[in-house]
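Novice: To start, I am sharing the structure in question, which I have written as structure tokens.
The values are calculated or read from the model by the stated rules, or taken from the named source; none is laboratory data. Note that this is a predicted model, so its numbers are computed, not measured. Positions of Cβ are generated from backbone atoms using ideal geometry, with glycine treated the same way; all protein chains shown enter the neighbour counts.
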Amino acid sequence: MFVTNAFAQDSTAAQQGGGEAVHTTTEAGHGGAEVFPPFDPTHFPSQLLWLAITFGLFYLFLKRAALPRIGNILEVRRDRIAQDLDQAARMKDEADAAVAAYEQELAEARRKANTIGQDARDKAKAAAEAERRKVEDKLNGDLAAAEERIASIKRTAMKDVDQIASDTASAIIQQLLGTRVDGKDVAAAVKSSAR
Amino acid sequence: MTPDKTDPIHQFHLVEWIPIHIGGMNFSFTNSSAFMVITVVLSAGFLYLTTSRRGLVPGRLQSISEMLYEFIASMLREATGPHGQKFFPFVFAIFVFVLVANLVGLFPYFFTVTSHLIVTVALALLVFVLVLVVGIAKHGFGFFKLFVPSGVPLALMPLVVAIEIISFLTRPVSHSVRLFANMLAGHITLKVFAGFVVSLSSFGALGVAGAILPLGMTVALTALELLVAFLQAYVFVMLACMYINDALHPGGH
């Protein structure tokens with residue numbers, strides 16, 4: 001209602017200045033204060049000009065300074081995050097590789113330890129065997145020597161027995177026959193009888 | 001001055017602070033001009049100062065600037081695709097200008113720049129002319145495919161084309177009046193209820209008690225207007241993005 005009122009008298013009241021009941025207290029310097037202010041064309045040029053100036057400067061400022069800066073901040077952050085993620089992935093790979101290497105080394109060490117143990121066991125066994133054989137050999141040697149000595153003693157003893165027998169026999173013959181008998185004959189006789 | 005205090009239209013009056021008259025035209029620096037300057041200085045100052053530290057980890061204020069940036073950037077990207085990015089500063093400027101002008105206007109005694117039709121018409125025409133110029137520069141005659149939707153029977157074509165042309169030409173009207181009318185109506189309503197508080201409280205104790213109701217209404221309306229201030233800026237820019245998309249992809253209905 002108000003709007004149409006204002007429009008209706010737009011043409012006339014604009015020049016006269018102050019005809020409406022509501023706006024009896026017209027502000028000084030205002031030609032068209034009776035017109036509904038947003039539709040008052042007297043200030044259109046002013047508003048357009050100042051809008052152009054302020055909005056134009058604002059646009060230029062945003063385009064040149066503010067928006068590139070914010071865009072740059074966001075881009076730097078995005079790059080940084082991507083870089084950090086890459087680095088994290090790379091580090092994880094490295095850690096995985098290290099774990100794998102460690103596992104492998106551990107298995108190898110275990111295997112090596114096994115072989116070392118086995119070797120030591122084998123060596124010890126061989127050494128013990130060698131020792132045993134040496135001792136056995138020595139014992140065998142001693143036994144053989146002892147046997148040899150026994151045999152030689154027996155042989156000499158046997159030889160002495162012959163001597164004693166022939167001596168005894170010759171002594172007996174001398175006693176019995178009163179003659180001396182050749183030792184060689186006695187010995188041969190003893191030998192043949194001993195057989 | 002007393003009738004003016006409670007007159008809901010009083011807040012829309014322009015006051016010439018520095019009269020400038022050139023060639024019979026009035027270019028005076030008015031309260032509207034002052035609030036345009038305030039709007040721009042506030043917005044530019046905020047955007048510039050909050051991002052001056054260039055923090056890798058943003059503070060609260062820097063986050064607001066960044067959120068604004070990403071909000072408009074994603075809106076433009078969704079509406080126009082990757083080709084629309086060169087209109088980003090323009091769209092961003094319109095959004096921030098309208099939003100801050102709306103918000104500044106909510107303070108008591110402050111002037112609302114966007115409550116004047118000529119301002120919203122100028123912004124809407126700026127978008128309209130930009131769409132026309134970019135559309136014709138980019139697609140030449142092909143831009144007028146915009147008025148010929150695909151898949152329409154040939155018999156209906158003249159009617160549909162006529163409707164499309166009319167709807168295209170009325171865009172700046174609906175675009176500007178939507179913002180203007182919302183701001184105007186909201187501020188008048190606010191002022192009317194606030195005026196009730198003043199008039200009622202002059203009737204003594206009973207009047208003061210009765211004034212509680214419109215006072216609560218004023219508080220609620222202020223909250224609503226806060227929402228409207230943001231929503232209308234959003235709608236204005238959303239439509240601008242869609243119109244720019246028409247200029248870039250006229251065949252893509």
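Novice: Got at least one residue in region A:41-50 being within 47 Å of the chain's Cα centre (by Cα), surrounded by 14 or more Cβ atoms within 10 Å (Cβ to Cβ) and either modelled with pLDDT under 95 or within 11 Å of chain B (Cβ to nearest Cβ) (or both)?
Specialist: No, that holds for no residue.
Novice: If a residue must be touching a residue at least 60 places away in the same chain (Cβ under 8 Å) and over 22 Å from B:A194 (Cβ atoms), how many such residues does region B:206-247 contain?
Specialist: So the answer is 14.
Novice: Assuming B:L61 fulfils every condition listed in (1) out of contact with any helix residue (DSSP H, G or I) (no Cβ under 6 Å at 6 or more places or on another chain); (2) more than 26 Å from A:P37 (Cβ to Cβ); (3) aliphatic (A, V, I, L, M) apart from one, which condition is it?
Specialist: Just one mismatch for B:L61, condition (1).
Novice: Which is touching a Phe, Trp or Tyr at 6+ places or on another chain (Cβ under 8 Å) and either without any contact (Cβ under 8 Å) to a residue 24 or more places away in the chain or hydroxyl-bearing (S, T, Y) (or both), of B:L123, B:L61?
Specialist: Step by step, each of B:L123, B:L61 is checked, and only B:L61 is touching a Phe, Trp or Tyr at 6+ places or on another chain (Cβ under 8 Å) and either without any contact (Cβ under 8 Å) to a residue 24 or more places away in the chain or hydroxyl-bearing (S, T, Y) (or both).
Novice: Sticking with this one: For the condition among the aliphatic types (A, V, I, L, M), touching a Ser or Thr at 6+ places or on another chain (Cβ under 9 Å) and at pLDDT below 50, what is the one hit in A:A14, A:A8, A:A28? Spell out the reasoning first.
Specialist: Values: A:A8 fails: touching a Ser or Thr at 6+ places or on another chain (Cβ under 9 Å); A:A28 fails: touching a Ser or Thr at 6+ places or on another chain (Cβ under 9 Å).
Only one candidate qualifies: A:A14.
Novice: Might you check whether a residue that is part of a helix (DSSP H, G or I) and either farther than 22 Å from A:L49 by Cβ or within 15 Å of the chain's Cα centre (by Cα) (or both) occurs anywhere in region B:28-35?
Specialist: Yes; the residues of region B:28-35 include at least one that is part of a helix (DSSP H, G or I) and either farther than 22 Å from A:L49 by Cβ or within 15 Å of the chain's Cα centre (by Cα) (or both).
Novice: While we're here: Looking only at region B:51-70, count every residue that is away from chain A (no Cβ under 11 Å) and farther than 21 Å from B:V41 by Cα and tell me the total.
Specialist: So the answer is 1.
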